[in-house]
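Please treat every number below as a calculation from the coordinates, not as lab data. Quick caveat, the model's predicted, so the values are computed rather than measured. Cβ sites come from the backbone with ideal geometry, for glycine too, and all protein chains shown count toward neighbours.
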Amino acid sequence: MSDVALQAVGLVRRIEGAVSHTLVNGIDLSVGKGEFLAITGPSGSGKSSLLYLLGLLDAPSDGEVIICGQPTSKLSEDDRANVRLTKCGFVFQFHFLLPEFTSLENVLLPMRAAGQMGEKEMQERGLELLASLGLKDHAYKRPNQLSGGQRQRVAIARALSNRPEIIVADEPTGALDTTSTEQVFSILREIADSGRTVVVVTHDPALAARADRRVHIVDGRIHETFEGRGKSPEPAIAAAAPTASQV
Ligand SMILES: Nc1ncnc2c1ncn2[C@@H]1O[C@H](COP(=O)(O)OP(=O)(O)O)[C@@H](O)[C@H]1O
Ligand SMILES: [Mg+2]
């Protein structure tokens, strides 16, 4: 495999309490640059917990997450937040867009937080990203004026805004109809084909089969790994605009 973008070494996440739970129980995993990895497993098997560790939303009880060669377990909270903001983009089952903000304002949020770009540059990039996801005419609408699929595409634009190396998505199509599911999955596939790393938790075996590799999690451990290069689909949307991967 080419360069490793994301690595988990002996990853453990325990919840201590009257009754202790081990949510993630010793995971070793390397994900290549440009690889599209699917994570499957029964409900409660620890998929979300693993994904949050990989995306630095949560810290492990033991083990290490290495992002683009940088170990993260000993970073301060601030440094960790900074790596998360610039290297990782998140898409969840529910879009988590701010309801009082327009699509464009939502997409600008991570760029504003990173503070690397001027206002004009951020606005241009936001509009370009939205156009690349077929949302040119929806930039100034609020989430409640959009369909579920459109909202999830805004969430993807937001995830891409700081040009992260890694996109992690937790059941991103779990609340979508078939057409929107297809679009969202095709977009994620294109993002991986453009050289970013995509890690997706999904319940849908047909979608998981289109990933480059699938790891099946049971009880917080990797139970089985399936190799198999997914095929690039036809461009999902907005043929006239640059694709998400080009923006
Ligand atoms: N903060 C927590 N405290 C206690 N138990 C938790 C916590 N977070 C998750 N769990 C439990 O850990 C298990 C794994 O959760 P999760 O990673 O969400 O699984 P999955 O995404 O595969 O459904 C589940 O049984 C869940 O109820
Ligand atoms: Mg989950």
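Looking across the stretch 201-219 at every residue that is closer than 18 Å to residue 48 by Cβ and assigned to a loop (DSSP other than H, G, I, E, B), the one that is farthest from the chain's Cα centre (by Cα) is identified as 219. Under 6 Å between Cβ atoms, at least 6 apart or on separate chains: pull out the pairs that start in the stretch 125-144 with a residue that is touching a residue at least 12 places away in the same chain (Cβ under 8 Å) and over 10 Å from residue 160 (Cβ atoms) and end on any residue that is outside any helix (DSSP H, G or I) and β-branched (Val, Ile, Thr). Listed by first residue and then by second, the contacts come to 128/247; 134/237; 140/102; 142/102.
Residues in the stretch 74-101 that are without any contact (Cβ under 8 Å) to a residue 40 or more places away in the chain and surrounded by 15 or more Cβ atoms within 10 Å (Cβ to Cβ): 75, 80, 82, 83, 84. Out of all the residues in the stretch 68-90, is one or more more than 29 Å from residue 113 (Cα to Cα), within 16 Å of ligand 2 (Cβ to nearest atom) and hydrophobic (A, V, I, L, M, F, W, C)? Scanning the stretch 68-90 turns up no residue that is more than 29 Å from residue 113 (Cα to Cα), within 16 Å of ligand 2 (Cβ to nearest atom) and hydrophobic (A, V, I, L, M, F, W, C). Considering only residues that are surrounded by fewer than 20 Cβ atoms within 10 Å (Cβ to Cβ), over 19 Å from the mean Cα position of the chain (by Cα) and either within 13 Å of ligand 2 (Cβ to nearest atom) or on the phi > 0 side of the Ramachandran plot (or both), which ones fall in the stretch 18-42? Of everything in the stretch 18-42, those that are surrounded by fewer than 20 Cβ atoms within 10 Å (Cβ to Cβ), over 19 Å from the mean Cα position of the chain (by Cα) and either within 13 Å of ligand 2 (Cβ to nearest atom) or on the phi > 0 side of the Ramachandran plot (or both) turn out to be 26, 42.
Find the helices (runs of 4 or more DSSP H) located wholly in the stretch 114-200 whose residues include 2 or more that are within 27 Å of residue 228 (Cβ to Cβ), and list them.
148-160, 178-193
Candidates are the residues of the stretch 168-183 that are among the small types (Gly, Ala, Ser) and in contact (Cβ under 8 Å) with a residue 40 or more places away in the chain; the one that is farthest from residue 65 (Cα to Cα) is 175.
Per-residue answers, yes or no, for (1) out of contact with any Pro (no Cβ under 8 Å at 6 or more places or on another chain); (2) within 16 Å of residue 210 (Cα to Cα); (3) not polar (S, T, N, Q):
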site: 160; (1), (2), (3): yes, no, yes
site: 166; (1), (2), (3): yes, no, yes
site: 173; (1), (2), (3): yes, yes, no
site: 178; (1), (2), (3): yes, yes, no
site: 183; (1), (2), (3): yes, yes, no
site: 188; (1), (2), (3): no, yes, yes
site: 192; (1), (2), (3): yes, yes, yes
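When residue 47 is tested against (1) surrounded by 19 or more Cβ atoms within 10 Å (Cβ to Cβ); (2) within 23 Å of residue 195 (Cα to Cα); (3) out of contact with any helix residue (DSSP H, G or I) (no Cβ under 9 Å at 6 or more places or on another chain), just one condition goes unmet, and that condition is (2).
For beta carbons closer than 7 Å, sequence separation of 6+ or different chains, a first residue in the stretch 13-36 that is in contact (Cβ under 8 Å) with a residue 24 or more places away in the chain and more than 22 Å from residue 194 (Cα to Cα) and a second that is in a loop (DSSP other than H, G, I, E, B) and more than 16 Å from ligand 2 (Cβ to nearest atom), the qualifying pairs are 13/60; 13/61; 14/20; 14/61.
For residues that are within 16 Å of ligand 2 (Cβ to nearest atom) and touching a Gly at 6+ places or on another chain (Cβ under 7 Å), scanning just the stretch 46-67, find the one that is farthest from residue 170 (Cα to Cα). In this case the residue turns out to be 46.
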